[in-house]
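Since the structure comes first, as structure tokens, the remarks are kept for the end.
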Amino acid sequence: MGMVQFTSPGGRFRANATTLKFLMEWAYGLQPSQHSDGPSWIGNDRYDVVAKAEGNANDEQMKLMVQSLLAERFHLKIHRESKKLLVFVISLGQTAPKLNLPKEGEVHSIKVLPQKDSDQKIVSWHVEATRYSLAQLTDTFARQLGRVIVNRTGMDGEYDFTLDMTPDENSPNPLDPTLIMNAMRKQLGLTLKTEDTLVDYLVIDSEEKVVAGN
């Protein structure tokens, strides 16, 4: 998938070994199921991108800059529409969510750490998040669940939290969607349900392949 990094203040943007698909999702604030499929290369070919925004651009300004870059370099043309999809909806449970306010000096970060047994086999995953929002968490897990996640908690701030996803007989895969859902319910105190609802959907009209390195 690659990685996107930017500094603010500073306005410097860098994406390493990143696909057009991921750049588009990041720039337009999309989860993987929120756009149409393009040719296979947009999810396979990888690019290094370095750019500099004017002034001390914030997150939203950085994304607008990358949208312009994708239109210029890849001739990406899109349009938006609404589409009814089966989604996961996250809302607050009957008890207070198990989220902590960030500590002074902490940086925005999420780590997904594999826990291994004596044979170096991954047996579980430990997630550590600092200064992380629920919107960012849903974007992270939407890739694993393969479905759009809608955040209806009404909580827009940044938090510290941990999650442990340990397999069992019914879900032997440490990244099984059921484990993720149960961990969010039991360890974060959030309620998840499925629902058919209208979501923003981006349709790729055209794009042009760019040879990596150009």
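Of 63, 98, which residue is touching a helix residue (DSSP H, G or I) at 6+ places or on another chain (Cβ under 6 Å), in the same structural domain as residue 151 (by TED's automatic domain parsing) and not in a strand (DSSP E or B)?
Details: 63 fails: in the same structural domain as residue 151 (by TED's automatic domain parsing).
Every option except 98 fails the conditions.
Does residue 131 qualify as being within 21 Å of residue 25 (Cβ to Cβ) and assigned by TED's automatic domain parsing to the domain that holds residue 92? Working first, answer last.
Numbers: within 21 Å of residue 25 (Cβ to Cβ): no; assigned by TED's automatic domain parsing to the domain that holds residue 92: yes.
No: the conditions fail for residue 131.
Give the residue, chosen from 133, 109, that is in contact with a Gly (Cβ under 8 Å, 6 or more places away or on another chain) and within 21 Å of residue 22 (Cα to Cα). Spell out the reasoning first.
Working: 109 fails: in contact with a Gly (Cβ under 8 Å, 6 or more places away or on another chain).
That would be 133, the only listed residue that is in contact with a Gly (Cβ under 8 Å, 6 or more places away or on another chain) and within 21 Å of residue 22 (Cα to Cα).
Regarding residue 119, is this residue charged (D, E, K, R), surrounded by 12 or more Cβ atoms within 10 Å (Cβ to Cβ) and on the phi < 0 side of the Ramachandran plot? Walk me through how you get there before you give the answer.
On the way: charged (D, E, K, R): yes; surrounded by 12 or more Cβ atoms within 10 Å (Cβ to Cβ): no; on the phi < 0 side of the Ramachandran plot: yes.
So residue 119 fails the test.
Residues being free of Cβ contacts under 8 Å to residues at least 60 places away in the same chain and either among the β-branched types (Val, Ile, Thr) or assigned to a helix (DSSP H, G or I) (or both): count how many of those fall in region 37-60.
Counting residues in region 37-60 that are free of Cβ contacts under 8 Å to residues at least 60 places away in the same chain and either among the β-branched types (Val, Ile, Thr) or assigned to a helix (DSSP H, G or I) (or both) gives 6.
Residue 111 passes all but one of (1) in a helix (DSSP H, G or I); (2) within 15 Å of the chain's Cα centre (by Cα); (3) exposed (fewer than 12 other Cβ atoms within 10 Å of the Cβ); which number fails?
Just one mismatch for residue 111, condition (1).
Inside region 66-95, can you point out the residues that are among the hydroxyl-bearing types (Ser, Thr, Tyr) and in a helix (DSSP H, G or I)?
68
Just wondering, is there one or more residues in region 184-203 that are closer than 25 Å to residue 46 by Cβ, modelled with pLDDT of 90 or more and hydrophobic (A, V, I, L, M, F, W, C)? I'd like the intermediate steps shown before the answer.
Restricting attention to region 184-203, the residues satisfying the condition of being closer than 25 Å to residue 46 by Cβ are 202-203.
After this cut, where a residue has to be modelled with pLDDT of 90 or more as well, the list is 202-203.
When the remaining residues are screened for being hydrophobic (A, V, I, L, M, F, W, C), the result is 202-203.
For region 184-203, residues closer than 25 Å to residue 46 by Cβ, modelled with pLDDT of 90 or more and hydrophobic (A, V, I, L, M, F, W, C): present.
The values are calculated or read from the model by the stated rules, or taken from the named source; none is laboratory data. Note that the structure is a prediction, hence the values are computed from the model and not measured. Note that we place each Cβ from the backbone using ideal geometry, even for glycine, and neighbour counts take in every protein chain shown.
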